[in-house]
Amino acid sequence: MSEGDSIGESVHGKPSVVYRFFTRLGQIYQSWLDKSTPYTAVRWVVTLGLSFIYMIRVYLLQGWYIVTYALGIYHLNLFIAFLSPKVDPSLMEDSDDGPSLPTKQNEEFRPFIRRLPEFKFWHSATKGILVAMVCTFFEAFNVPVFWPILVMYFIMLFCITMKRQIKHMVKYRYIPFTHGKRKYKGKEDMGKTFAS
């Protein structure tokens, strides 16, 4: 490998200006993502606002229905991954009795672990909306189509997919939403304190 063959390096072995620019841009982007992590409600409100702006744009332009359909399918796939467990219980059926409840007192409570965490779900959904918004600026993506068929097909696909997911949840007895470790009350103090 000769000098300057590695990615992002100039002839003299130092990172090129373009490489440094995009590295710095990536660092700034990651910094803003890290700062937004604790503000779940605000992040989702912004995403819903972007989605609303996108829908208004598509309505006013009367086009880009294929892009909107693709965005809907993408969001449906993200939602299914968000509702699915990280380890599929159907794969654990090969063991003796399948999934079981903790039987020993020292076993730790394990909350539902998602295949797609909430932050990645939000991040991917927002990026999808922004990509769809950019596509509406290019006439090449405005494929003429009879949109009611796409709406009916999407509704049918959504119902079939959610029915399958709910059956899976019922069969393997898991709920995709947990609110932390369950707290148990101890026995109330029935006795009086002893005075010395």
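The values are calculated or read from the model by the stated rules, or taken from the named source; none is laboratory data. Quantities reported herein were computed from a predicted structural model and do not represent experimental measurements. When we count neighbours, we look across all protein chains shown, and the Cβ atoms used for this are built from the backbone with ideal geometry, even at glycine. We work out accessible area using only protein heavy atoms, side chains counted, and drop any ligands, DNA or RNA first. Shrake-Rupley method; radii C 1.70, N 1.55, O 1.52, S 1.80 Å.
Output the residue which, of all residues in region 108-141 that are in contact with a Ser or Thr (Cβ under 8 Å, 6 or more places away or on another chain) and assigned to a loop (DSSP other than H, G, I, E, B), is modelled with the lowest pLDDT. Applying the filter and picking the extreme gives Pro111. Scanning region 128-144 for residues that are of a type outside the set (Gly, Ala, Ser) and open to solvent by 40 Å² or more (accessible area, probe 1.4 Å) turns up Leu130, Val131, Val134, Phe137, Phe138, Glu139, Phe141, Asn142, Val143, Pro144.
Checking Thr68, Thr23 one by one, the residue that is modelled with pLDDT of 90 or more and over 30 Å from Met152 (Cα atoms) is Thr23 and no other.
Entry remark, region 145-166: residues being of a type in the set (A, V, I, L, M), within 26 Å of the chain's Cα centre (by Cα) and open to solvent by less than 100 Å² (accessible area, probe 1.4 Å) number 6 in total. Just the residues that are in contact (Cβ under 8 Å) with a residue 40 or more places away in the chain and open to solvent by 40 Å² or more (accessible area, probe 1.4 Å), please, taken from region 57-72. The answer is Arg57, Leu61, Tyr65, Ile66, Thr68, Tyr69, Ala70. Say whether the condition of being under 17 Å from Phe119 (Cα atoms) and in contact (Cβ under 8 Å) with a residue 60 or more places away in the chain is met by at least one residue in region 27-35. Within region 27-35, one or more residues are under 17 Å from Phe119 (Cα atoms) and in contact (Cβ under 8 Å) with a residue 60 or more places away in the chain. With respect to the conditions (1) surrounded by 12 or more Cβ atoms within 10 Å (Cβ to Cβ); (2) modelled with pLDDT under 95; (3) within 28 Å of Glu139 (Cβ to Cβ), Leu50 lacks only one, and its number is (2).
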